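The values are calculated or read from the model by the stated rules, or taken from the named source; none is laboratory data. Bear in mind that the values here come from a model prediction, so they are computed numbers and not experimental data. A quick note on method: Cβ atoms are made from the backbone with ideal geometry, for glycine too, and the neighbour counts reach across all protein chains shown. Calculation scope for accessible area: heavy atoms of the full protein, side chains included, ligands and nucleic acids excluded. Shrake-Rupley method; radii C 1.70, N 1.55, O 1.52, S 1.80 Å.
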Amino acid sequence: RQVTQQQQALEQHARSLEMTVLERTKELVKANAAKDEFISMASHELRTPLASLKGMTQLLHRRLIRSKSPEVPSLVSMENSIRRIEVLVNDLLNISSIEMGLFDLHRQKCDIVDLIQSLVDEYVFGTNPHPVIHTYLPPEPIEAEVDIERLGQVVINLLSNARKYSKVGSPIEVILQKQEQTYCLIIKDVGVGIPANELPMIFDRFYRVPGNDVQTGSSTGFGLGLYISKQIVESHGGRIEVESVPKQGSSFSLILPLPIIAAPTDSSTIHTT
Ligand code: ADP
């Protein structure tokens with residue numbers, strides 16, 4: 001009888017534990033949803049005043065340049081700060097759409113070789129001082145169906161990391177290769193590198209390798225770029241890999257699937273006699 005009583009007490013204890021875990025899980029799910037909604041609302045609300053601030057500073061910039069005002073450098077630093085806030089707001093919007101399951105792709109047919117070349121050009125011309133980028137692209141087009149804007153976001157993010165975590169003027173290599181069922185884009189730098197024990201964390205939200213920004217004097221960044229890039233690449237059915245040696249540099253590879261070409265059916269086979 002004593003054993004049965006003990007068993008009953010244990011079962012009751014297990015049931016109340018189960019209830020507590022269930023209630024705590026429900027509370028956490030609710031709190032998480034509220035957090036996602038808050039991030040989404042706050043970043044949406046920030047976008048409009050930020051856009052008007054950006055517009056006004058651009059207007060002011062043109063006026064100050066025309067009047068050869070000595071205030072131009074202060075305005076340029078203001079514009080840089082606005083750009084940084086804009087990157088953060090866009091990253092937060094991306095995060096909330098990922099978390100809320102609203103992250104969808106708008107795929108379009110395109111030539112990846114062309115796309116990479118124009119992204120590199122856009123990045124070089126839009127960055128001061130212009131980074132040194134050596135591109136190695138195949139001569140033949142690579143036809144694929146991707147979300148051009150989102151994949152572009154990944155490439156620009158990897159290029160800007162390669163520049164941010166290297167000495168000014170260090171060369172960056174961009175290599176695109178077609179394989180049998182995939183194509184691979186490699187972005188290589190000779191920067192500060194990442195210690196092996198940090199590598200598993202760099203794709204986590206808000207994770208930044210301690211000291212990497214100090215080494216290069218670049219303090220900008222929120223640890224969101226690689227997390228978002230990984231989500232974008234995986235939603236295309238691909239993967240992102242990294243190899244890195246501290247003080248020697250890093251190499252990030254995007255491996256993406258080529259479209260599956262249907263085998264010709266009998267009716268489409270050309271017979272020659
Ligand atoms: P951040 O905005 O901080 O650059 P990311 O998510 O893009 O965020 O990167 C996460 C962290 O990984 C960075 O803070 C940096 O410490 C490290 N990292 C990313 N790319 C490189 C690179 N090319 N070289 C060295 N460290 C890098």
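When each of T57, T25, T48 is tested for being surrounded by 10 or more Cβ atoms within 10 Å (Cβ to Cβ), without any contact (Cβ under 8 Å) to a residue 24 or more places away in the chain and out of contact with any Leu (no Cβ under 6 Å at 6 or more places or on another chain), the lone residue that passes is T25.
So is D121 free of Cβ contacts under 8 Å to residues at least 24 places away in the same chain and part of a helix (DSSP H, G or I) or not? I'd like the intermediate steps shown before the answer.
Values: free of Cβ contacts under 8 Å to residues at least 24 places away in the same chain: yes; part of a helix (DSSP H, G or I): yes.
Judged against the criteria, D121 is a match.
Cβ separations smaller than 6 Å between residues 6+ apart or across chains give the following pairs from region 146-163 residues that are under 15 Å from L226 (Cβ atoms) to residues that are outside any loop (DSSP other than H, G, I, E, B) and open to solvent by less than 10 Å² (accessible area, probe 1.4 Å): R150/I232; V154/S229; V154/I232; N157/S229; L158/I187; A162/I172; A162/I187. Annotation: of all residues in region 80-92 being touching a Lys or Arg at 6+ places or on another chain (Cβ under 8 Å) and open to solvent by less than 50 Å² (accessible area, probe 1.4 Å), the one that is farthest from Q231 (Cα to Cα) is I82. With respect to (1) at pLDDT 95 or above; (2) of a type in the set (F, W, Y); (3) within 16 Å of the ligand (Cβ to nearest atom), the lone exception for Y165 is condition (1).
For every residue, the table says whether it meets (1) acidic (D, E); (2) open to solvent by 60 Å² or more (accessible area, probe 1.4 Å); (3) on the phi < 0 side of the Ramachandran plot; (4) out of contact with any Ser or Thr (no Cβ under 8 Å at 6 or more places or on another chain).
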residue	(1), (2), (3), (4)
F103	no, no, yes, no
R107	no, yes, yes, yes
Q117	no, yes, yes, no
N128	no, yes, yes, yes
E140	yes, yes, yes, yes
E143	yes, yes, yes, yes
A162	no, no, yes, no
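Among the residues of region 180-192, those identified as open to solvent by 80 Å² or more (accessible area, probe 1.4 Å) and either of a type in the set (F, W, Y) or more than 16 Å from the ligand (Cβ to nearest atom) (or both) are E180, Q181.
Residues of region 237-253 being surrounded by fewer than 20 Cβ atoms within 10 Å (Cβ to Cβ), over 15 Å from I156 (Cα atoms), touching a residue at least 24 places away in the same chain (Cβ under 8 Å) and under 15 Å from the mean Cα position of the chain (by Cα), which ones? Listed by number, the list holds a single entry, V242.
Among the conditions (1) among the hydroxyl-bearing types (S, T, Y); (2) out of contact with any helix residue (DSSP H, G or I) (no Cβ under 8 Å at 6 or more places or on another chain); (3) within 10 Å of the ligand (Cβ to nearest atom); (4) modelled with pLDDT under 80, T269 misses just one, which is (3).
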